[in-house]
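Notes follow the structure.
The values are calculated or read from the model by the stated rules, or taken from the named source; none is laboratory data. The model shown is predicted, which means the values in this text are computed figures rather than measured ones. Virtual Cβ from ideal backbone geometry, glycine too; neighbours counted across all protein chains shown.
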């Protein structure tokens, strides 16, 4: 595996400083959300120019980093037509930017059935899934034109809330440019913890050929709710996860989430040790 980190979890007042710290901590790639990591100006589709993409690429190259994922986490199930149009335009801009940046994957979660992008039980409905597929389809066609992979990240609170629903989206869109970001914690409710191994195996069985990137974090259960923490600080079955990665995805990019500057290196070493021993 190739271990990276979410850039906005790393210290740095500028991208150059952030990338330098990522390299210094021993990572080889990064998950980059421009709106969270560029602090000198607000990033919008208007200023996501080829020139900015070239600048970011030079910075990453100077620090020996690949940009594993360009994050664009906006709600493709937004029910407001005008807001949805603007959201789809953000994906067009991100995909175009990624093609110049040399980043293969634009990452997205799968939304909610409201403009606030908050959990609603209706997210798990058939209507919500069909709406998401309809709204996703033109974005994937744009990705095809630019030679970029759009990767959806299933999350239990969002519209694509199970591995089975993710498989249905992949089959409905039927494009080699649509793949999966797999985060095993995101596909668990606290009550699923005793059966987490079955969930992990099922995800690889259903989605394995289409998993492009893996997100790595951990969980604690407090008062019946998850607290998301850095890898190695919680209860996720990393030995099983790493066995599945080694078997199916040996050089995949795995990016850490929910780290702090104080524990990021320890999380990286934990993940590498878990993989080496798998």
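A few remarks follow.
- Scanning region 143-159 for residues that are part of a helix (DSSP H, G or I) and crowded, with 19+ Cβ neighbours inside 10 Å yields one hit, 143.
- Tally, over region 167-194, of residues that are closer than 21 Å to residue 236 by Cα and either out of contact with any helix residue (DSSP H, G or I) (no Cβ under 8 Å at 6 or more places or on another chain) or crowded, with 21+ Cβ neighbours inside 10 Å (or both): 13
- Whichever residue in region 202-213 is in contact with a helix residue (DSSP H, G or I) (Cβ under 9 Å, 6 or more places away or on another chain) and within 25 Å of residue 227 (Cβ to Cβ) and, among such residues, is surrounded by the most Cβ atoms within 10 Å (Cβ to Cβ): 203
- Considering region 24-41, and only residues there that are surrounded by fewer than 19 Cβ atoms within 10 Å (Cβ to Cβ) and under 17 Å from residue 62 (Cα atoms), the residue that is nearest to the chain's Cα centre (by Cα) turns out to be 28.
- Meeting the requirement of 3 or more residues that are closer than 21 Å to residue 25 by Cα, the strands (runs of 3 or more DSSP E) wholly within region 180-278 are 211-216, 253-256.
- Segments classed as helices (runs of 4 or more DSSP H), wholly inside region 1-116, with at least 3 members that are modelled with pLDDT under 95 and touching a strand residue (DSSP E or B) at 6+ places or on another chain (Cβ under 8 Å): none
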